[in-house]
Amino acid sequence: MKGSSKAAPWVFIGPTLLLLAVFSLLPILVAAGISLTDMDLAGLANYSNIEFVGIKNYIDVLTDPVFLKAILNTLFYVLIGVPLVVACSLGVALLINMGQSRIFRMFRVVYYMPSVTNVVAVAVVWLYLYNPGIGLFNYLLNSLGLGSVPWLTEPTVAKLSLILLALWRSIGLNMIIFIAALQGISKTYYEAAQLDGATTWQQMRYITVPMMRFAIFFVTITTMIGWLQFFEEPFIMTQGGPLDGTLSASLFIYQNGFQFSSFGFAAAGSFVLFFLIIIITLLQLKLQRKQAEE
């Protein structure tokens, strides 16, 4: 009986560990091996054409000006997109949570729908909105007597345009997380604060935000990891252009791996991005731990 009780946990977690090993750990190990070779289409067809090149791919990636530009573009997305997503999601959650009528419940669905809408369909619609000639955005600007904006034809503006689209898509999911955290805060804190004469702003500053610290941290981490892997929007809408102005690290890896068939080079780039994500995440965890201790 003792032996069976010890084996019981492994029976339950065994299938999960097996799936994790086969579909996560094994591909990572295979990619690590590929990153040390010059594997391309010829090598994929005949393994005898594959040669071991060591860290050459990593050196080439880290000295490639296009990859370095893609990293800078990715950091641009992260530094602007992550704070915007967290702030807007939290703001929408606070506004919806304050309302008790059915219309506020409907707004939950309205804000959440972009998160579950197919990104290709969304991108097609936004391409028309951004169209320099017949797009709705430039039409509205021209109606107000303002000039047209090169939404997707100027590198910096194009990055901001993609951030706007990604922001619109990201608010809903994070809003749900924040609403769940808000509803988990006991109302007794607010009642006590109101008896002490605290204003709405003071209640938010000294009760709401501190009590939501872990939810904000979770959303920040997951959002940051998502933006470091920013791929769908530039892939569908700009293909990394103009002048590689919207090229992200993930799109660079995809292009080199699946369009240029430089599998070893692309695998090396993916591990550089992987280590970048790990480093930034660890820094965030350390900062959060330090703030919790204070």
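The values are calculated or read from the model by the stated rules, or taken from the named source; none is laboratory data. Every value quoted in this text rests on a predicted model; they were computed, and no experiment measured them. All Cβ positions, even for glycine, are placed from backbone atoms using ideal geometry, and neighbour counts span all protein chains on display.
If only one of Ile50, Ile59 is surrounded by 17 or more Cβ atoms within 10 Å (Cβ to Cβ), over 30 Å from Ile179 (Cβ atoms) and among the β-branched types (Val, Ile, Thr), which one is it? Show your work before the answer.
Working: Ile59 fails: surrounded by 17 or more Cβ atoms within 10 Å (Cβ to Cβ).
It is Ile50.
Of the listed requirements (1) crowded, with 17+ Cβ neighbours inside 10 Å; (2) within 23 Å of Trp201 (Cα to Cα), Leu95 misses just one: (1). With respect to the conditions (1) of a type outside the set (A, V, I, L, M, F, W, C); (2) modelled with pLDDT under 90; (3) surrounded by 15 or more Cβ atoms within 10 Å (Cβ to Cβ); (4) more than 30 Å from Tyr47 (Cα to Cα), Ser261 falls short on a single one, namely (4).
Could you go through region 8-19 and let me know if any residue there is modelled with pLDDT under 90 and within 18 Å of Val272 (Cα to Cα). Checked against the condition, which is being modelled with pLDDT under 90 and within 18 Å of Val272 (Cα to Cα), region 8-19 yields no hits at all. So which residues in region 126-154 are surrounded by 18 or more Cβ atoms within 10 Å (Cβ to Cβ) and either within 18 Å of Gly240 (Cα to Cα) or charged (D, E, K, R) (or both), if there are any at all? Across region 126-154, the qualifying residues are Trp126, Tyr130, Trp151, Leu152. Residues of region 70-83 that are surrounded by fewer than 17 Cβ atoms within 10 Å (Cβ to Cβ) and in contact (Cβ under 8 Å) with a residue 40 or more places away in the chain: Ile80 alone.
Taking region 129-243 as the region of interest, the helices (runs of 4 or more DSSP H) fully inside it that hold 3 or more residues being under 16 Å from Val86 (Cβ atoms) and of a type in the set (A, V, I, L, M) are 155-183, 213-228.
This table checks each residue for (1) of a type in the set (Gly, Ala, Ser); (2) assigned to a helix (DSSP H, G or I); (3) closer than 30 Å to Arg205 by Cβ.
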site	(1), (2), (3)
Gly43	yes, yes, no
Phe76	no, yes, no
Leu79	no, yes, yes
Phe104	no, yes, yes
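Within region 166-223, which residues are loosely packed, with under 13 Cβ neighbours inside 10 Å, among the small types (Gly, Ala, Ser) and within 23 Å of the chain's Cα centre (by Cα)? Scanning region 166-223 gives a single hit, Ala180.
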